[in-house]
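Here's the structure we're looking at; comments come further down.
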């Protein structure tokens, strides 16, 4: 038995989310703890899993806020480092009319980019069932080399690798570099969670079956989960391709963290059933729970501190039968 179910590596930042306008008509923002990898871990903790995080924040007020928030979720933080010179990364999130988001990043540089190879806690990875990562830790050095080191440790020790590209075009120097690095991630994962806009951007295929076929030729993942927003999701494993219906909401408060919630539930299902003997029934069960949990999070602001409890998800599913 490993000490941790999932260790994640990547960005930990502040999401300033537009909550309302002031009496003068100026937008006001709430400083929410964020960053996709820790959002995933926060949901896994709600599902009873043991998790740990590897990353970097600035030695500043926002860094302290993030450490306290993530620790309060129960995530192990001995892999978190502090940068004495570079400030914690900030993102401003504007809600669009359709419920989607527009991101403005303050990360030139940001502390999450400054994680070095020698600061990666290899023991945390070796003590985990799964290593989860995204593409934001592949945008720049030195964190790109740190990510590669973490993946080498996982591969050498038979640790499952989970990947969510989590595409953020403004953070890349060029589209060509983004595709090259994101493709590298595809070649070093066992589990892939990818969104509809990302598979279109990567493959150029508007037909999802064609996009999945394109991915399979370039991806090492044994389980692929394609999220389709309000249209549900598609889980692909071996010869199985299972369409999962969505849990639609009439009104959307905030989609921040919906994909991370889905990813966490996907990993929870893999931890429960393993990655060797999944079938259509298990994939449908995993997908339905993930869909329900991600639907619930869209009714709340923020992500890391807003994740639903397992019993809440089950109750919601029962109500929607």
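The values are calculated or read from the model by the stated rules, or taken from the named source; none is laboratory data. Source: prediction; values computed, not measured. With ideal geometry, Cβ positions are generated from the backbone for all residues, glycine too; neighbour counts draw on all protein chains shown.
Screening residue 301 with (1) crowded, with 20+ Cβ neighbours inside 10 Å; (2) in contact with a strand residue (DSSP E or B) (Cβ under 8 Å, 6 or more places away or on another chain) gives one miss only, at (1). In the set (1) within 27 Å of residue 268 (Cα to Cα); (2) crowded, with 19+ Cβ neighbours inside 10 Å; (3) modelled with pLDDT under 95, residue 80 fails one condition alone, (3). Looking at 34, 48, just one residue is touching a residue at least 60 places away in the same chain (Cβ under 8 Å), under 25 Å from residue 141 (Cβ atoms) and touching a helix residue (DSSP H, G or I) at 6+ places or on another chain (Cβ under 9 Å), and that residue is 34. Looking only at region 148-164, decide whether some residue is crowded, with 22+ Cβ neighbours inside 10 Å, at positive phi and in contact with a strand residue (DSSP E or B) (Cβ under 9 Å, 6 or more places away or on another chain). No, that holds for no residue. The set of residues in region 221-247 that are out of contact with any helix residue (DSSP H, G or I) (no Cβ under 6 Å at 6 or more places or on another chain) and surrounded by fewer than 16 Cβ atoms within 10 Å (Cβ to Cβ) comprises 230, 231, 238, 239, 243, 245. For region 297-312, name all the residues that are closer than 20 Å to residue 38 by Cα, in a helix (DSSP H, G or I) and either modelled with pLDDT of 95 or more or more than 17 Å from the chain's Cα centre (by Cα) (or both). Across region 297-312, the qualifying residue is only 310. Could you check, for region 167-175, whether at least one of its residues is under 23 Å from residue 2 (Cα atoms), at pLDDT 95 or above and surrounded by fewer than 18 Cβ atoms within 10 Å (Cβ to Cβ)? No; the residues of region 167-175 include none that is under 23 Å from residue 2 (Cα atoms), at pLDDT 95 or above and surrounded by fewer than 18 Cβ atoms within 10 Å (Cβ to Cβ). Taking region 283-298 as the range and being surrounded by fewer than 19 Cβ atoms within 10 Å (Cβ to Cβ) and without any contact (Cβ under 8 Å) to a residue 40 or more places away in the chain as the test, only 285 passes.
Residues satisfying the criterion are absent from region 53-73 (criterion: surrounded by fewer than 19 Cβ atoms within 10 Å (Cβ to Cβ) and touching a helix residue (DSSP H, G or I) at 6+ places or on another chain (Cβ under 6 Å)). Does region 118-126 include one or more residues that are in contact with a strand residue (DSSP E or B) (Cβ under 6 Å, 6 or more places away or on another chain) and either part of a strand (DSSP E or B) or under 24 Å from residue 47 (Cα atoms) (or both)? Checked against the condition, which is being in contact with a strand residue (DSSP E or B) (Cβ under 6 Å, 6 or more places away or on another chain) and either part of a strand (DSSP E or B) or under 24 Å from residue 47 (Cα atoms) (or both), region 118-126 yields at least one hit. Among the residues of region 198-213, some residue qualifies, meaning at least one is surrounded by fewer than 14 Cβ atoms within 10 Å (Cβ to Cβ) and at positive phi. The listed residues are 103, 92, 133, and the only one of them that is surrounded by fewer than 18 Cβ atoms within 10 Å (Cβ to Cβ), within 17 Å of the chain's Cα centre (by Cα) and either part of a strand (DSSP E or B) or touching a residue at least 24 places away in the same chain (Cβ under 8 Å) (or both) turns out to be 103.
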